[in-house]
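Here is the structure we will look at.
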Amino acid sequence: MDIREPFEKYSTITRHVFTCMHPFMSFVMESPLRRTFNDPVKTLKGARIRAGQKVLEVGCGTGYFTTPAAKLVGDSGLIHAIDVYPPAIDCVSKKIRDAHVTNVKLTNADAMDSGLPGSSFDLILLFGVIPAPVLPLDRLLPEMYRLLKPKGALAVWTFFPWWSPASVTGTRLFTYTSKENGVYNFQRSEYMYISQTQHQGERTITKDKLKGDSY
């Protein structure tokens, strides 16, 4: 078992890029100019976030959406914000502390292998994190599916106007439902993602498939 911290599992080059880009990205993400075209509350409402929900925010970054989301779910809800980059967690921790927000939980975790309990969340936010080379969807989406409750929803907001929801629906794990305030909304599919193990001689091969499929 690999017991290294999530960030340490990335290559040296990837970690270097994260470290070098962090100051610049922090400036861009928190720029007052950004709020003129990407109001966080309006965007979050496009994800149909509601009071009382348990929400997972993947790649919380500087916490641009974290505090507004916490206010929208209210005291009866919870925002569980994760990021693989430790300084991002430190940044958001200070921000929520200064804002006296108490319904946010922070975890340094890899979104592709979060280690969080399955079927835990009503809504997952993928805001500004895909597409990204370090988050291949064939690894990310099965984990998101696992973490959502049976009728849970996935919301995607991206900087890239050419991004297509087909990259999510193509997995058949999620069904596209709407686009609101620039946010693509998906419903967790009724299919169940399962794992099958086949033995071929001395080799063991594990395959993932959707319930009802055949090889």
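Of the residues making up segment 103-126, those that are touching a residue at least 60 places away in the same chain (Cβ under 8 Å), outside any loop (DSSP other than H, G, I, E, B) and over 11 Å from the mean Cα position of the chain (by Cα) are Asn108, Phe121, Asp122. Taking the condition closer than 17 Å to Gly61 by Cβ, in contact with a Gly (Cβ under 8 Å, 6 or more places away or on another chain) and at pLDDT below 95, does Val134 pass? No, not satisfied. In segment 1-102, counting only helices (runs of 4 or more DSSP H) that sit wholly within it, the ones holding 1 or more residues that are of a type in the set (A, V, I, L, M, F, W, C), buried (at least 19 other Cβ atoms within 10 Å of the Cβ) and modelled with pLDDT of 75 or more span 40-46, 66-73, 86-98.
Is at least one residue of segment 110-117 surrounded by fewer than 20 Cβ atoms within 10 Å (Cβ to Cβ), of a type in the set (A, V, I, L, M, F, W, C), in contact with a His (Cβ under 9 Å, 6 or more places away or on another chain) and modelled with pLDDT of 95 or more? Checked segment 110-117: at least one residue is surrounded by fewer than 20 Cβ atoms within 10 Å (Cβ to Cβ), of a type in the set (A, V, I, L, M, F, W, C), in contact with a His (Cβ under 9 Å, 6 or more places away or on another chain) and modelled with pLDDT of 95 or more.
In the condition set (1) in a loop (DSSP other than H, G, I, E, B); (2) touching a helix residue (DSSP H, G or I) at 6+ places or on another chain (Cβ under 7 Å); (3) of a type in the set (A, V, I, L, M, F, W, C), Val129 is compliant with all but (2).
Looking at segment 133-155, is at least one residue within 18 Å of Asn38 (Cα to Cα), outside any helix (DSSP H, G or I) and either touching a Phe, Trp or Tyr at 6+ places or on another chain (Cβ under 8 Å) or not aromatic (Phe, Trp, Tyr) (or both)?
So the first thing to find is which residues in segment 133-155 are within 18 Å of Asn38 (Cα to Cα), and the list is 155.
Then keep just the ones that are outside any helix (DSSP H, G or I); that gives 155.
Adding the requirement that they be either touching a Phe, Trp or Tyr at 6+ places or on another chain (Cβ under 8 Å) or not aromatic (Phe, Trp, Tyr) (or both) leaves 155.
The answer is yes; a qualifying residue exists.
Considering Lys71, Lys45, the condition of being of a type in the set (Lys, Arg) and within 17 Å of the chain's Cα centre (by Cα) is satisfied by Lys45 alone.
The values are calculated or read from the model by the stated rules, or taken from the named source; none is laboratory data. Computed from a predicted model, the values in this text were never measured in an experiment. Please note: Cβ atoms are built from the backbone with ideal geometry, for glycine as well, and neighbour counts cover all protein chains shown.
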